[in-house]
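What follows is a single structure, written as structure tokens, with notes after it.
The values are calculated or read from the model by the stated rules, or taken from the named source; none is laboratory data. Keep in mind that what you see is a predicted model, and the values were worked out from it rather than measured. Cβ coordinates were reconstructed from backbone atoms using ideal geometry, including for glycine residues, and neighbour counts include every protein chain displayed. Heads up: the accessible areas ignore ligands, DNA and RNA and are worked out on the full protein's heavy atoms, side chains in. Shrake-Rupley method; radii C 1.70, N 1.55, O 1.52, S 1.80 Å.
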Amino acid sequence: MPSDAKESFIPLSAPDLSGNEAAYLAECISTNWVSSAGPFVGRFEKIVADFVGAPHSVATATGTAALHLALIVAGVRPGDEVLVSTLSFIAPANAIRYVGAYPVFVDADPNDWQMDVGLAVDFLKNGCEKRADGVFNKQTGRRIGAVLPVHILGSAVNLPPLLDVTRSLGVPLIEDATEGLGARYEGRFLGTLGDIGCFSFNGNKLVTSGGGGMVVTPDTQWFEKAAHLSTQAKADPIESIHDDIGFNYRLTNIQAAVGCAQMERIDQFIAARRDIAAQYAEFCKTVDFLNFMPIPKNVEAVNWLSAVLIKNNSRIEIAEKLRQEGIETRPLWQPLHRSPAHQDSVVLGGDNAEKIQKSALCLPSSSTLLSSEISKIIKILSLD
Ligand SMILES: *Cc1c(COP(=O)(O)O)cnc(C)c1O
């Protein structure tokens, strides 16, 4: 990017690679360890697991691959149904289809924009029946393979009431914590509250490895299976014997090297994004037409993306005005039950996700955002 363009362009969420990234990459090159063997992969797995307090972790090529492996090791089978947030990036719904299961989309709660846990609990308690071989949707007759709440934007789903029910019914709970690395719910790190958690290290996330993901779980057998399946289910490395249909979902040493350098500075990244969110939130208090996204009191969010709710139906105009000034914004995702990719799927609840999506706009949230840039964004917003 030419330097003048860089000065005038404010991206939504860009990586900060000014730590040990270059040094660790040089180490990969000079030692010739560039692929999926090499010391950084295990180091990265350990750093992330230690950070969130997870007993086991498996690095993967992407966050989507992490979700795919989590669904498999949690025992989700073809024909099962999986409850998933409808107000989410599409990856978890796609991963559900990869295993031949069907998403049951759950509407959002306007009080936190996350999965409406009350709807999911009501469905599991009253819309399903427990039999000896599992929990079944009374209407479709399909087994409930798992529940997959998505923690969006660096905040968190109200998990405890949902966990009470999934634990009593024996249904696995998979956390999509890809947007919430480092965030905590009542003191516990996202990804470690449920039975298995997934992270992403895509370029626009809080911590990046260029591309990558990770599965964390306290379950030793699930961990071993995820690690095995991620490396083509190789049972005998010398004789090349494979005992299952595996995947090449490994992270490379090059990617893990970047991830290790990033994790050294995660506290700094979180502090910067929290500070940005606080500035936007303060500003929203001073204007009638904007509300800062709701963050529940018992959540220590990492504010991966700061979003505002625009009350006067001018989301598209405001985004355009910012774009003309070189400021990148992004609406939330089309609610997944409306996605052409997931046609004819069912949704529990009403149209809260659609209402939020119509009015919400994500604002620049990079940890490198300058206060002069925030001032510029706020000034443009306040002229509406
Ligand atoms: C980023 C993201 C993922 C995973 O994305 P990858 O690009 O595959 O790493 C999954 N779910 C959500 C909600 C995400 O935001």
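What does DSSP give for the stretch 21-263 in terms of the percent of beta bridges that are antiparallel, rounded to the nearest 5?
On the way: 20 of 34 bridges.
Percent antiparallel among DSSP bridges in the stretch 21-263 is about 60.
Filter the DSSP H helices in the chain by two things, a Kyte-Doolittle mean of at least -0.5 and an axial alpha-carbon span of 24 angstrom or more, and list the hits by number.
Counting only whole DSSP H runs, the qualifying helices are 266-285.
Can you compute the modelled spin-label distance between S168 and N126, with each label point 7 Å from Cα toward Cβ, in nm?
Taking the simple label geometry, S168 and N126 are separated by 1.5 nm.
Please turn the phi angles of the stretch 231-239 into ³J(HN,Hα) values with the Karplus equation 6.51 cos²θ - 1.76 cosθ + 1.60 (θ = phi - 60°), one per residue in order, whole Hz, x for glycine and proline.
The phi angles translate into 10, 6, 6, 7, 8, 9, x, 7, 8 Hz.
So what's the gap between the Cα centers of the stretch 47-67 and the stretch 169-240, to the nearest angstrom?
Distance between centres, Cα-based: 4 Å.
Just to be sure I understand: if I project the alpha-carbon convex hull of the stretch 115-238 onto a plane and average over all orientations, what area do I get in nm²?
It is 9.8 nm².
Can you give me the Kirkwood hydrodynamic radius for the stretch 180-251, using every pair of distinct Cα atoms, in Å to one decimal?
It is 13.8 Å.
Relative contact order, percent, of the stretch 21-263 when contacts are C-alpha pairs under 8 Å separated by at least 6 residues? It would help to have the intermediate numbers written out before the result.
On the way: 546 pairs, mean separation 68.1, N = 243.
About 28 percent, as a whole number.
Going highest first, how would you order 279-287, 233-241, 8-16, 145-153 by mean Cβ packing within 10 Å?
145-153, 8-16, 279-287, 233-241
Regarding the stretch 48-166, what are the three Cα extents along the principal axes, ordered largest first, in Å?
Principal-axis extents of the Cα atoms in the stretch 48-166, largest first: 40, 33, 26 Å.
Quote to one decimal, in nm, the extra length available between I245 and N298 on full extension: 0.36 nm per residue of separation minus the C-alpha distance between them.
Taking I245 through N298 to full extension adds about 14.9 nm, to one decimal.
Amide H to amide H under 5 Å from H242: which residues, 5+ apart in sequence or cross-chain, H placed 1.01 Å off N in plane?
Long-range HN contacts for H242: A235.
Taking the Cα-to-Cβ direction at A278 and at A235 and moving 7 Å from each Cα, how far apart do the two end points lie in nm?
5.6
Which of K285/K376; K297/K379; K311/K358; K297/K358; K138/K355 have a Cα-Cα distance over 20 Å?
Violating the 20 Å Cα-Cα cut-off are K297/K379; K297/K358; K138/K355.
Under a 5 Å amide H to amide H cut-off, with H placed in plane at 1.01 Å, what residues pair with S306 once short-range neighbours are removed?
Under 5 Å from the amide H of S306: L363.
For D351 and Q268 in one chain, what is 0.36 nm times their gap in residues minus the Cα-Cα distance, to one decimal in nm?
Computed gain between D351 and Q268 is 26.2 nm.
Positive end of the charge dipole of the chain (Lys, Arg +1 and Asp, Glu -1 on Cβ, about the Cα centre): tell me which of G246, I380, T368 has its Cα farthest that way.
I380
Using only Cα positions of the chain, each an equal point scatterer, no hydration layer, compute I(q)/I(0) via Debye at q = 0.14 Å⁻¹ and quote the log10 values to two decimals.
Here the Debye-derived log intensity ratios amount to -1.22.
So what are the ³J(HN,Hα) numbers for the stretch 207-213, from phi and the Karplus equation (6.51, -1.76, 1.60; θ = phi - 60°), rounded to whole Hz, Gly and Pro as x?
Result, ordered by residue: 10, 10, 10, x, x, x, x Hz.
Please work out the Kirkwood hydrodynamic radius for the stretch 266-382, using every pair of different C-alpha atoms, and report it in angstroms with one decimal place.
About 15.4 Å, per the Kirkwood formula over Cα pairs.
Kindly report, to the nearest 10 Å², the accessible surface of K358 as traced by a 1.4 Å probe over protein heavy atoms only.
Ignoring ligands and nucleic acids, K358 comes out at about 140 Å².
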